[in-house]
Each structure stands twice: as C-alpha cells, then as structure tokens.
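Take a look at the structure set out below.
The values are calculated or read from the model by the stated rules, or taken from the named source; none is laboratory data. Worth saying up front: this structure is predicted, and the values here are computed from it rather than measured. Every residue, glycine as well, gets a Cβ built from its backbone with ideal geometry; the counts of neighbours run over all protein chains shown.
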Amino acid sequence: MPREKKRRTIYYKNLLEDDFAGMAIRRAEVGADFPYIRESWIWRTCSWLLYYLIAIPIVFCVSKVYLGIRFENRKALRALSSGGYFLYCNHTHWLDVFIAPLAAFPKRVYTVAGADAVSIRGLRHLVMLLGCLPIPTKLTALPRYREVIRRRFTEGGCIAVFPEAHIWPYYTGIRPFRDASFTYPAQLDAPVAAATVTYRRRRGLFRFCRKPGMTVQISAPICGAGGLRGKKAFLRDQVYAYMCKTASEGENIAYIRYIPWWEDNGADTKSMSGKEEHRK
C-alpha cells in the first residue's frame, strides 16, 4: 500500500474526465490545414538542433534534479531501437512529457497531446519543433492526423501517449482509460511499451525535498494479435494491467490525497481547494 504524507487533498467527481492541471487555456482549433509536418530544410534543421542540443540537456538536468527521475528496465526499449513504437505512460505531472525523450533516447520522440499544447500564443511553434502531435479538434483533420502518425512511426520514431488524457498531479493509482488511444498501433501492427510513474521518498543530497522523487518502470514490448478491435482491446488490457501492477507494488508515496467528493466529511476550507477549483 502507498505510504501517505499529510498533504493537500483534492476531491474528484469523475475518474475519466476530471482534470487538475490548473491551466485555463482557450483552446485553438486544430483542423485539416494544421501544419503537422513542414518539409522546409530550415525547419527540420532547427527542429533537430533544438531537440538534441538544447531540449534534451535541459530535460536531463531538470528531470534528475527537480523530478528526481529514475528508470527501471529502460533496457527493455533497446529491443525496439531499430524501428518505431508507441510508449504509453500514466499522466501524473506537468513535466511527465520529459519521460519519453529520456527513456527512448537517442530515438526521436513525438508526443500526442491535446489542442491546449498549441493554444498558448508564442509557444505553438516551439512545441511543434519539439515534436508535439496535437489531437485534431475537427473530424476533417483525422485523415491527415492518421497519415502523420503513420509517417512518424515508419521513420522510426517513438510516439508517446498519455491514455489517461488528464493530469492528476502525484496521483498514485491508475485511472481507467479506453482503448481508443490504441487504434494507431493496432492499425500499424506497431509494438507498444508501458511506462508507470510512481513516487518515492527523496534520499541522499535531496532528502530534504518535500516533493517525492519520480520512478519510471518500463514494461517489455507488447504486440497485439487478431483483428483491429481485438488488437486495441488486447493492447489496452495489457498496458492497463502492467500499470496497475507496478503502481501497487513497492514504494509509491501519496504526496496529494485524492478523495471522491461524495466522501467529503466536513473537510475544512483549505482542503476543499481542489473541489472548489474543479467546480468553476
């Protein structure tokens, strides 16, 4: 069982839909004309330089010092180094987008994200240079999006997916997710790996840090079988089972408590901040 510290409490209503990222962003439209890929050699060169010479060193330092990240079984991804694959991870931190680039390095990572990721003025081009794949907000964009996913996979990239979709900071369980996010690896007969984030007490030089360190456990490659629907369900079930198993074993500190709103028994005003924020 996870060991708990007395910390902030967040009350939730819906495991599938609630989002506690704390960001109010006006979502931009991602339609059929969205520039997912730019063929200009200048753009491609800038993207490579930004990713490998600037972003990766920063991500490494921030992850090691601030997140206290550690990997377990990262070697499992070596078996997939010769081609593309999909990496699925639970969504428990604003900076968990750093996990896939470090786990898959030196392979290039492309991250599936909501349209919010390209909705902040001034940052849209930056996140696209770094490999963001925003989910379309219009049905007319889906054929183009499928082609982009296929191309990045056939180029040998790692496509990172957060099937839980919404951020629950420092959540120690695994929220249920649907098999819709496994459509593309099922269609492409692509291998899949799961990455589970758990939290541990900081030790050594960082033992005085209040926030726990992040441990990332990576599964062996998973491949589907059968028809499209069967593959989707199989991949989803295997990834979900692995995440639940690894999240429940070993050290996993509950830095923030998550409680169903109907179990509120006279919580004080301060502890109700999560509920009040969600109801806005």
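Across segment 156-171, not a single residue is classified as farther than 11 Å from V109 by Cα, out of contact with any His (no Cβ under 7 Å at 6 or more places or on another chain), outside any loop (DSSP other than H, G, I, E, B) and among the hydroxyl-bearing types (S, T, Y).
Among the strands (runs of 3 or more DSSP E) confined to segment 1-118, the ones with at least 2 residues that are crowded, with 20+ Cβ neighbours inside 10 Å and over 20 Å from the mean Cα position of the chain (by Cα) are located at 9-12. If the condition is being in contact with a Phe, Trp or Tyr (Cβ under 8 Å, 6 or more places away or on another chain) and at pLDDT 95 or above, then segment 192-213 contributes V192, A193, A194, A195, T196, Y199. When segment 122-178 is filtered for residues that are surrounded by fewer than 15 Cβ atoms within 10 Å (Cβ to Cβ), modelled with pLDDT of 95 or more and β-branched (V, I, T), only T154 remains. Within segment 149-173, restricting attention to residues that are within 18 Å of Q187 (Cβ to Cβ) and of a type in the set (G, A, S), the residue that is nearest to the chain's Cα centre (by Cα) is A160.
Residues considered: R236, R229. Of these, the only one that is at pLDDT 70 or above, surrounded by 15 or more Cβ atoms within 10 Å (Cβ to Cβ) and out of contact with any Gly (no Cβ under 9 Å at 6 or more places or on another chain) is R236. Pairing residues of segment 167-183 that are farther than 18 Å from K13 by Cα with residues that are crowded, with 19+ Cβ neighbours inside 10 Å and not polar (S, T, N, Q), at Cβ distances under 7 Å and at least 6 apart in sequence or on separate chains, gives D179/K232; D179/R236; S181/V161; S181/P163; F182/K232; F182/L235; F182/R236; T183/K232. The one condition from (1) over 17 Å from A194 (Cβ atoms); (2) touching a Cys at 6+ places or on another chain (Cβ under 9 Å) that W94 does not meet is (2).
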